[in-house]
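Taking it in order: structure first as structure tokens, then the write-up.
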Amino acid sequence: MTTITNRFVAAERALRTAAPHQLLDAVRRVLTDQYAADSVELFLADYGLTVLQPVSVLPHTLQPVSVHSSPAGRAFGAQEPYLEIPSGDLVRVHLPVTVRGDRLGVLTVTLPGAEHAEGCLGELAEIAEVLGHEVVVAERDTDLYLQARRRDRLTLAAEMQWQLLPGRSCARPEYELGAQLEPAYAIFGDNFDWSASADRLSLYVTNGMGEGIEASLLTNLAINALRNARRAGLPIDDQAALADQAVYAHYRGRCYLSVLMLEFDLATGRVRVVDAGSPQMLRLRRGVVERVPFDAQLPLGMFEETDYVVQEFRVEPGDRLVFVSDGVYDVASPGGEPYGEAALARAIQSTRLLPAAEVPRAILRELTGHRGRSTPDDDALVVCLDWRGR
């Protein structure tokens, strides 16, 4: 027991004292010395959630691996360690690297023998978790991990939008959240934001206006205005009013932003809502999918000094809420048929067994099939919330 504790403490200390750009080198050294690892590699999920990109510095390079059809991808999707036994005596252990439900990637460790691997699997999983936390902190001081996440170059607008997002998934005992934006490398103005306290979860889903830098600037202004009002402790109707004023003061009604704002009471499931535009919400409850309508109010920044009214509803344990932008339900097939609410309901039913973090990507894959081509004409945003309650 003492040996196990000592080597885990050594691994944790090595990660916490390493330079931000040397986390992989630090974990590689300690796993080689303390766990007899033959090799150690870190893979991070790309922005499109299609591949796991190696964290490497030239000339040391590896090929990306698929999220959907690889042993590392299996560990990433299931969020469980996976043992791969190639030919010979070596065993490859794939460990999810996740921080509070936000799935970052996979740590792959090659060890001598299955018995040795199984004996230290719990420790390795904890080390992968510590590594994830250190990667998140290190991203403030180095571009290495952000560069590793991109398989293609981001447009400037996409760079601005991804930097604005809180993450792509998160989890707490009361709920699990997952979200995804497409096209990942050239997004326009759609966005999502969330923040949790001891008692509340705030969730915003925005449908941007325009294209490129102008759309990204509009979204940045609106989201930061909402955050500023939220952090001042204001209720969501006043948050909407202040953000509305900020957008109108800058654009004078030429540009505006649609947003669906929700505030969940974690203890009761009571939800306060401001619907200022076009994002839609569908609910899967006891096997039935239905759209939950709200009284639509004016988008942020359309007119000067708009007043917003709060509506309420309740979520029950077991509910799944799916939020989409108009880049999902308005998408047309090659024959001109819109994707629509019925197709979206079928997609929600077909993905009901997947965890919330995987649902957005699965729905967007189905949407690509309906569209008949890989490149969309507009942003497509899907957010999934599984409510467990207390």
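The values are calculated or read from the model by the stated rules, or taken from the named source; none is laboratory data. The model shown is predicted, which means the values in this text are computed figures rather than measured ones. Here the Cβ is made from the backbone with ideal geometry for all residues, glycine too, and neighbour counts use every protein chain on show. Side chains are part of the model used for accessible areas, which takes the heavy atoms of the whole protein and leaves out ligands, DNA and RNA. Shrake-Rupley method; radii C 1.70, N 1.55, O 1.52, S 1.80 Å.
Heavy atoms of the protein chains alone define the surface here; on that basis segment 174-280 has 33 Å² accessible area per residue at 1.4 Å probe size. A helix-only calculation puts the chain at -11000 deg cm²/dmol for mean residue ellipticity at 222 nm, using -39500 (n - 2.57) for each DSSP H run of at least four residues, averaged over all residues. Across segment 230-322, the fraction of Cα-Cα pairs farther apart than 14 Å, rounded to a whole number, is 67%. Under the combined filter of DSSP loop state and at most 11 neighbouring Cβ atoms within 10 Å, segment 277-312 retains these trypsin sites (Lys or Arg not before Pro): R286. For the chain, the C-alpha radius of gyration divided by 2.2 N^0.38 Å, with N the number of residues, is 1.04. Taken about its Cα centre, segment 230-295 carries a charge dipole of about 220 debye when Lys and Arg each add +1 at the Cβ and Asp and Glu each add -1 at the Cβ. Placing unit charges on the Cβ atoms only, positive for Lys and Arg and negative for Asp and Glu, gives segment 1-138 a dipole magnitude near 280 debye about its Cα centre. With all protein chains in place and a 1.4 Å probe, the accessible surface of segment 185-276 carries 47 percent carbon and sulfur.
Note on segment 16-102: with neighbouring protein chains present and a 1.4 Å probe, carbon and sulfur make up 51 percent of its accessible heavy-atom surface. What you get for segment 210-250, charging only the Cβ of Lys and Arg (+1) and of Asp and Glu (-1), is a dipole of about 240 debye around the Cα centre. Between the residues L95, T268, F76, the greatest Cα displacement towards the positive end of the dipole of the chain, with unit charges on the Cβ of Lys, Arg, Asp and Glu, is found for L95.
Pairs of Cα atoms nearer than 8 Å and 6+ residues apart set the relative contact order; for the chain it is 14 percent. Let me know the shape class of segment 288-390, please: from the alpha-carbon gyration tensor, a ≥ b ≥ c as square roots of the eigenvalues, rounded when a/c is under 1.5, otherwise prolate if a/b is greater than b/c, or oblate. Oblate shape, in that a/c is at least 1.5 and b/c is the bigger or equal ratio.
In segment 247-390, taking the dipole from charged Cβ atoms about the Cα centre, the farthest positive-side position among S333, G369, F294 is held by G369. Computed over protein heavy atoms with a 1.4 Å probe, the accessible surface of segment 1-123 works out to 48 Å² per residue.
Membrane-span-like helices in the chain (whole DSSP H runs, Cα extent of at least 30 Å along the helix axis, mean Kyte-Doolittle hydropathy of at least -1.0): none found. Classified by the C-alpha gyration tensor, segment 156-235 has an oblate form. Its axis ratio a/c, with a ≥ b ≥ c, is 1.5 or above, and a/b does not exceed b/c. A cut-off of 5 Å between modelled amide H atoms, ignoring neighbours fewer than 5 places along the same chain, links F313 with V271.
Picking from R352, R92, R103, which is most flexible by a Gaussian network model of the chain using Cα springs under 10 Å? So, out of R352, R92, R103, the one fluctuating most is R352. Quick check: the distance between the Cα centres of segment 123-164 and segment 192-216, to the nearest angstrom? Measuring centre to centre over Cα atoms gives 20 Å. Apolar share of the accessible surface for segment 285-360: 51 percent from carbon plus sulfur atoms, 1.4 Å probe. Specify whether the C-alpha gyration tensor of segment 1-150 places it in the rounded, prolate or oblate class, a ≥ b ≥ c being the square roots of the eigenvalues: rounded for a/c under 1.5, otherwise prolate if a/b is larger than b/c and oblate if not. Oblate, because a/c is 1.5 or more while a/b does not exceed b/c. Here the contact order of segment 189-252, divided by its residue count and restricted to Cα pairs under 8 Å and six or more residues apart, works out to 25 percent.
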